[in-house]
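Heads up, the thing below is written out as structure tokens.
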Amino acid sequence: MNTPAPIAMLAELTHRCPLACPYCSNPVALTQKAQELPTEVWVSAFQQAAELGVLQLHLSGGEPLARHDLSDLIAAARDAGLYTNLITSAIGLTEKRLKTLEDAGLDHIQLSLQGTDTEMADYIGGYKGGFARKMQAAAWVRAAGIPLTLNTVLHRKNLHQLPRAIEMALEMEARRIEVAIVQFHGWALDNRAALMPTKEQADEATRLVIKARGTYKGRLVLDYVPADYHTGVPKRCMGGWGMVGLNIAPDGQVLPCHAAQTIPGLTFQRIDDTPLRDIWYDDPAFNAYRGDNWMQEPCKSCEFKKRDFGGCRCQAMAIAGDAAATDPTCQKSPLNVQLQNLTNHTQNEDEIELTYRKM
Ligand code: FES
């Protein structure tokens, strides 16, 4: 098969984060500050990415504002010709720092929203005072006129706040809102029982998103990641393994997706010792699940295999114990019945404590 050039790159600049969200999809074992890539290696990575064909650079973490060289990194990415998107909780942002980032050439901000009021947001984020700081930051972003997307991760504890989250996106003059029902990767998998939405919540979220798309057409774009355990339809993870985008972890490992390190047997090359072009086209880890030669039945002969690529390899590994299996969230997977059973809500699940993310 002809491998296309990647369009997007996610640079996970750090795993450090002031928040402690129980739905965090970063790995259970985080990279420590001492292992983070230095500025010059990131700058080289951005130049190589642009030469490879990458157009969009997503600067993420952890909390990317924890990197003191963030404005230098944004400037370097812009010099390389990349569109820069900062994915942030905004904790640690000041008006002065926002100006510095804007002057460096920042194109777009994605602001995370843990809840629509102080009580919920600070409870989910595990950070007292976080909501107030976030709202202040949103006002600065709006005043600066920087294009904004509001990122919500919704789950059983906060899905009832979806209508207000949409209103807030409009008030902030955001261009988009990403309505993502929690996906169970990394730390979030440990909190699955506490976070799993009820079937009623999952259905209501879909109804609300469809309605809001009609109501706010031309004013607000709603991106939607449905609850894949509930729908029987697997997600089109990464737009196909090694087809559209790549990630660089804080320690420099180049990954086909953010959870790829959970797949045993794959080893990953580092941006500080192998050219990005060689990794993208030739690395065995990137080729492991590219295309459809690796597929087993029922994916192999499935009419939807070009649409969903068999779902998510990391989810197949986590649940089926085989990264080449059909994603168990697909109704054609023999394991799907078990997942559907997990969505049957019992009252005592409301009492399950959240386990907060710690560095
Ligand atoms: Fe790795 Fe979906 S998160 S393929």
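Laboratory data are not the source of any read-out in this text; all were calculated from the coordinates shown. On a predicted model such as this, the values are computed, not experimentally measured, just so you know. We place every Cβ from the backbone using ideal geometry, glycine too, and count neighbours over all the protein chains shown.
Computed quantities for the displayed model
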| item | result |
| --- | --- |
| For segment 203-313: Kirkwood Rh in Å [reciprocal of mean 1/r, alpha carbons] | 16.2 Å |
| Residue-averaged 222 nm ellipticity for the chain, from DSSP H runs of 4+ at -39500 (n - 2.57), nearest 500 | -9500 deg cm²/dmol |
| Three-way shape label, segment 32-108, alpha-carbon gyration tensor, a/c 1.5 | oblate |
| Among Ile263, Ala50, Ala121 the positive-end extreme of the charge dipole of the chain (Cβ point charges) | Ala121 |
| Cα-based shape type of segment 89-219, given that a ≥ b ≥ c are square roots of the gyration tensor eigenvalues and the cut on a/c is 1.5 | oblate |
| Positive minus negative residues near Ala121 (Lys, Arg vs Asp, Glu; Cβ under 12 Å) | +2 |
| Percent RCO, i.e. relative contact order, over the chain, from Cα pairs under 8 Å lying at least 6 residues apart | 20 percent |
| Relative contact order computed over segment 32-100 (Cα-Cα under 8 Å; 6+ residues apart), in percent | 38 percent |
| Residue of Cys312, Cys21, Cys237 that the Gaussian network model of the chain assigns the largest fluctuation, springs spanning Cα pairs under 10 Å | Cys237 |
| Segment 166-254: C-alpha gyration tensor shape, a/c 1.5 cut-off, then a/b vs b/c | oblate |
| Stretch in the chain that is longest and holds no trypsin sites (Lys or Arg not before Pro) that DSSP places in a loop and that have at most 11 other beta carbons within 10 Å | 220-357 |
| Mean separation of Cα contacts under 8 Å (6+ apart) over length of segment 158-287, as relative contact order % | 20 percent |
| Partner lysines for Lys306 [C-alpha distance under 26 Å; skip if fewer than 8 residues away on the same chain] | Lys235, Lys332 |
